[in-house]
Amino acid sequence: MPLLFLLLITMATGALSAHAGRDEVRHSADRLWRMDAFLAYAIFLGLVLLPTVIYFYVFYGDWFLFYWVDTERAPWAWGILVILFLLGAGSFGFGLGVTLCRASRDATARRIGMATLAFALAVWPLGWDRLSLVGSYRQFTRDYGLTAFFSSPAFPSGLAMLVIVATAVAWLVYRIDRHTHQST
């Protein structure tokens with residue numbers, strides 16, 4: 001799971017979580033971080049997406065960043081930047097969803113979330129020239145010792161993480177939607 005894919009997934013799940021909690025969002029005067037939908041999304045972000053990002057950064061950092069940077073030069077700095085990007089993408093997605101739902105544009109929030117998911121899936125074929133090979137930045141730039149994606153350990157771990165993230169997203173949206181309909 002490369003960074004751009006996960007950032008788009010994070011934005012989409014934020015918008016879809018706000019859409020699922022649209023009743024609470026529309027009728028609540030609370031600040032964003034005090035809403036139940038946001039708290040549920042923040043827990044999802046912290047327990048599912050953040051560990052996924054950290055796992056792929058730690059074990060496949062250069063591949064995870066599309067070989068754009070050499071993570072060996074300042075690994076802690078790139079790691080912090082990646083986490084900040086993830087948190088920013090989540091806040092942006094949820095904030096956009098809240099803004100649209102408060103303006104009674106629920107369908108637009110849902111469409112944006114679904115379109116962002118489609119863009120996330122488009123990352124794979126568009127970036128396949130870089131994603132098809134797993135290795136370090138040095139191996140990629142010098143074209144030696146790379147492993148094909150489907151033969152590397154990144155494939156089964158990515159597949160497992162994808163199933164976990166998809167299941168968690170479905171459960172998150174379902175629970176937020178059920179909770180907001182029960183409390184109104």
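The values are calculated or read from the model by the stated rules, or taken from the named source; none is laboratory data. Worth saying up front: this structure is predicted, and the values here are computed from it rather than measured. Don't worry about glycine lacking a Cβ; one is built from the backbone with ideal geometry, like all the others, and counts go over all protein chains shown. Ligands, DNA and RNA are stripped out before the accessible areas are found, and what is left, the full protein with its side chains, is counted by its heavy atoms. Shrake-Rupley method; radii C 1.70, N 1.55, O 1.52, S 1.80 Å.
Percent of Cα-Cα pairs more than 20 Å apart in segment 79-184, please.
Numbers: 3300 of 5565 pairs.
Taking all Cα-Cα pairs of segment 79-184, the fraction more than 20 Å apart is 59 percent.
Can you give me the long-range amide H partners of L133? Hydrogens built in the peptide plane at 1.01 Å from N, cutoff under 5 Å, separation of 5 or more residues or another chain.
Hits under the 5 Å cutoff: F149.
Write down the accessible area per residue of the chain in Å², having rolled a 1.4 Å probe over the full set of protein chains. Each step should come with its number before you reach the end.
Values: 9730 Å² over 184 residues.
Averaged over the residues of the chain, the accessible area is 53 Å².
Given 0.36 nm per residue, what is the gain on full extension from L84 to D143 after removing their alpha carbon distance, in nm?
Working: separation 59, 0.36 × 59 = 21.24 nm, distance 3.08 nm.
Full extension of this stretch gives 18.2 nm more.
Quick one: what Rg and Dmax do you get for segment 120-164 from the alpha carbons, in Å?
Cα only, segment 120-164: 11.4, 35 Å (Rg, Dmax).
At 0.36 nm per residue, and after removing the present C-alpha to C-alpha distance, how many nm does the segment from R34 to A77 gain when stretched out fully?
On the way: separation 43, 0.36 × 43 = 15.48 nm, distance 3.06 nm.
Result: 12.4 nm gained on full extension.
Pop out the carbon and sulfur fraction of the accessible area of the chain as a percent, whole number, probe 1.4 Å.
Working: 6460 of 9730 Å².
Percent of accessible area from carbon and sulfur atoms in the chain: 66.
Count the net charge of all other residues whose Cβ sits under 15 Å from the Cβ of R130, scoring Lys and Arg as +1 and Asp and Glu as -1. Present the calculation step by step, with values, prior to reporting the outcome.
Numbers: positive: R138, R142; negative: D62, D70, D129, D143.
Around R130, the charge tally is -2.
Counting residues in segment 67-128 as N, plug N into 2.2 N^0.38 Å and put the Cα Rg over that result. Mind dumping the intermediate values first?
Values: Rg = 15.7 Å, N = 62, 2.2 N^0.38 = 10.6 Å.
With N residues counted in segment 67-128, Rg over 2.2 N^0.38 Å equals 1.49.
Determine the dipole magnitude for the chain: charges of +1 sit on the beta-carbon of Lys and Arg, -1 on that of Asp and Glu, nothing else is charged, the reference point is the Cα centre, and the result goes in debye to the nearest 20.
Details: 14 positive and 11 negative charges, 78 e Å.
The calculated dipole for the chain is roughly 380 debye.
Between M114 and S151, what FRET efficiency follows from the Cβ-Cβ distance if R0 is 35 Å, with the result rounded to 0.05? Don't skip to the end; give the middle numbers.
Details: r = 33 Å, r/R0 = 0.93.
Between M114 and S151 the formula returns 0.60.
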